[in-house]
Structures are given as C-alpha cells and as structure tokens.
Amino acid sequence: MDANDAAWKILQDGGEALDAVEQGVRVSEADPNVDSVGYGGLPDRDGHVTLDACIMDEQSRAGSVACLEHIMHPISVARKVMELTPHVMLVGEGALRFAEEHGFTRENLLTEKARNAWEEWKKMSGYTPHVDKNNHDTIGMIARDANGNFSGACTTSGLAWKIHGRVGDSPIIGAGLFVDNSVGAACATGKGEAVIRIAGSAIIVELMRAGKTPQEACEEAVERIVHRQRDYKDFQVGFIAMNTKGEVGGFSIHKGFQYALRSQDRNELIDARFRVS
Ligand code: GLY
C-alpha cells in the first residue's frame with residue numbers, strides 16, 4: 001500500500017506511469033522490513049544479497065539488472081540501462097560497475113535481521129536451496145497514467161538461500177513483467193523458475209490481446225503451470241494484470257496472494273482468487 005501511495009501521488013499530479021512505477025517500488029526497496037526486496041532482503045546461501053529488477057514502458061522500451069549486489073535501488077539502475085544504453089539487461093559485476101558509473105553508491109544491504117535469519121538457516125539446511133509456498137515474494141507494479149500509457153516495474157532479492165548467481169523471473173522481460181501499450185500489462189510473483197517456464201507475463205498479455213479479461217488471462221497462466229509442472233503444490237506463483245479498459249485481475253496457485261489496487265475510486269488490498277487451497 002505504501003508503494004501504491006507513492007506511485008499514486010505521481011499519477012494524481014499528472015505524472016507518467018514510468019515515474020510512478022519506479023518511485024512506487026523504490027519504497028519497498030528501501031524498507032528494511034520487507035525481506036524479499038532490496039535493503040533487508042534475505043541473502044543467497046553464501047550470505048550475498050543479490051537483487052533482480054526490470055522496468056518496461058509504453059514504447060516497449062525495457063531495462064533490467066540481475067544478480068546486482070550493494071545497490072539499494074536496482075529498479076533505478078534498470079531504468080538507466082533502458083534509457084542510457086543500447087542493451088536491455090546487465091548482470092553481476094557489470095551491472096554494479098554500470099551503477100557506480102552513474103552515481104549509485106555501494107551500501108551494505110544485509111541487515112542484522114537478515115544476517116541472523118541466514119545464520120539460523122545455515123544450521124538446519126545442509127547448504128541446500130529450498131523452495132516452498134512461503135519462500136517467495138517480489139514487488140511487481142503496473143500503472144496506467146492519464147494519457148492511457150502503461151509502464152511496469154518488478155524488483156526482488158529473489159529466493160532466499162538460493163545458489164549464488166541464481167536469477168529468477170523478476171528481471172526477465174516477458175516472465176516477471178510485460179507491457180504492451182495497445183493491450184495492457186502483467187507481472188508475477190512467486191517461484192521464478194515456474195514463471196520463466198511459461199513466459200508468464202508475456203502469455204497473459206497475449207491472452208488479453210486474444211480477448212480474455214485480465215482475470216481470465218491470469219487464471220489461464222496459472223492453469224498452464226498447474227498442468228505442466230507436477231510439483232505445483234509445493235510452490236506459489238501469483239499474477240496481476242490490467243488492460244486498456246482499466247480492468248484488473250489477479251490469481252495465484254495457492255491461497256494467500258494479495259495485491260493492492262489504487263484508482264480514482266478504489267484503494268484496497270485484494271485477496272486474489274486461487275487455484276488450490
Ligand atoms: N519471483 C522472484 C524470484 O523467483 O526470484
């Protein structure tokens with residue numbers, strides 16, 4: 001809701017969707033109490049906080065960073081990749097060097113709370129990455145401004161205790177996020193590997209292009225995971241989408257996925273419908 005407040009302020013002042021989504025998700029990136037995004041994010045199994053983020057605008061421009069360390073606002077680095085380079089995606093050391101060249105400063109993103117959680121995990125885990133219904137979360141945001149233009153942003157510290165170098169869906173255009181200004185936008189949360197395997201957000205946009213509502217499109221994307229990935233009961237995925245009529249939808253595999261909706265007449269946290277309990 002705090003992220004939506006920041007984004008909504010920009011939209012209300014007549015600002016662009018691109019600025020709204022960037023500024024919105026920056027709120028979560030800076031919040032040490034959000035343990036799946038930015039500062040305070042849970043580290044990989046070696047204790048590194050590695051961040052993934054992407055951004056996409058109404059012109060189908062896109063920027064992305066993956067496995068970026070030490071920078072609190074990967075979404076803003078992703079925007080710089082989009083605006084200042086001929087590329088879409090920078091990773092690891094190269095992304096960090098690019099960020100520093102553009103004025104971002106190195107910070108320690110591993111909070112004491114996250115370090116303690118990692119120390120506890122190490123005692124029990126056998127150094128083995130683990131996916132379950134609760135080990136996930138990502139902030140994805142889509143916005144449509146007064147000119148009818150869409151943008152989207154997605155940012156995460158990814159799966160806690162992952163193998164160093166693992167990248168999920170969140171920085172991958174078409175998986176964690178997709179925007180097509182003539183159709184709408186979609187983004188994902190949950191187990192990134194499952195989302196990548198169905199090109200989740202791109203599929204939802206294509207389903208909307210083919211005539212499905214955002215709700216129907218999100219449900220169909222979840223259905224594809226459920227039909228093709230036998231272990232679906234062991235992990236969570238959730239999608240949200242919006243079309244050019246301003247209709248929205250959200251759906252997840254399991255109960256518990258919520259999304260925040262802000263519009264001229266609505267400001268609410270919605271419990272998404274789900275496939276299995
Ligand atoms: N959806 C976030 C991740 O899998 O890293």
The range 195-200 - phi-based ³J(HN,Hα) in whole Hz, Karplus 6.51/-1.76/1.60, Gly and Pro as x: 6, 4, 5, 10, 6, x
Using θ = phi - 60° and Karplus 6.51 cos²θ - 1.76 cosθ + 1.60, couplings along the range 237-244 (whole Hz; Gly, Pro as x): 9, x, 10, 10, 8, 9, 10, 6
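Quick one: compute the contact order of the chain, relative version, from alpha carbon pairs under 8 angstrom and 6+ residues apart, as a percent.
17
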Residues with amide H under 5 Å from that of GLY165, placed H, sequence gap 5 or more: none
Cα gyration tensor, the range 92-220 - rounded (a/c under 1.5), prolate or oblate: oblate
Calculated FRET value between MET124 and THR213, using beta carbons and R₀ = 45 Å, to 0.05: 0.55
Eligible aspartates and glutamates near LYS255 by straight Cα distance, threshold 12 Å, same-chain separation 8 or greater: ASP271
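Give me LYS245, LYS191 ranked fewest to most by other Cβ atoms within 10 Å of their Cβ, as a rough exposure proxy.
Arranged by neighbour count, lowest to highest, LYS245, LYS191 become LYS245, LYS191.
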Proximal lysines relative to LYS122, as straight alpha-carbon distance under 28 Å, when same-chain residues fewer than 8 apart are discounted: LYS113, LYS133, LYS162, LYS191, LYS233
Proximal aspartates and glutamates relative to LYS212, as straight alpha-carbon distance under 19 Å, when same-chain residues fewer than 8 apart are discounted: ASP180, GLU220, GLU223, GLU247
Residue order, fewest to most beta carbons within 10 Å, for TYR232, TYR259, TYR127: TYR127, TYR232, TYR259
Computed [θ] at 222 nm, deg cm²/dmol, the chain (DSSP H ≥ 4; -39,500 (n - 2.57); rounded to nearest 500): -10000 deg cm²/dmol
Cut-off under 5 Å, modelled amide H: who pairs with PHE257 long-range: ALA272
Per-residue ³J(HN,Hα) for the range 81-98, Karplus 6.51 cos²θ - 1.76 cosθ + 1.60, θ = phi - 60°, Hz, x for Gly and Pro: 4, 5, 8, 10, 10, x, 9, 9, 9, 10, 10, x, 4, x, 5, 5, 4, 4
Gyration tensor (alpha-carbon) shape descriptor, the chain, a/c threshold 1.5: oblate
Kirkwood-based shape ratio for the range 225-277, expressed as Rg/Rh from alpha carbons: 1.06
Amide H partners (placed H, <5 Å) of VAL91, local residues excluded: ALA66
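The numbers here are math on the coordinates, done by the rules we state, and not lab data. Quick caveat, the model's predicted, so the values are computed rather than measured. Neighbour counts run over all protein chains shown; Cβ positions are idealised from the backbone, glycine included.
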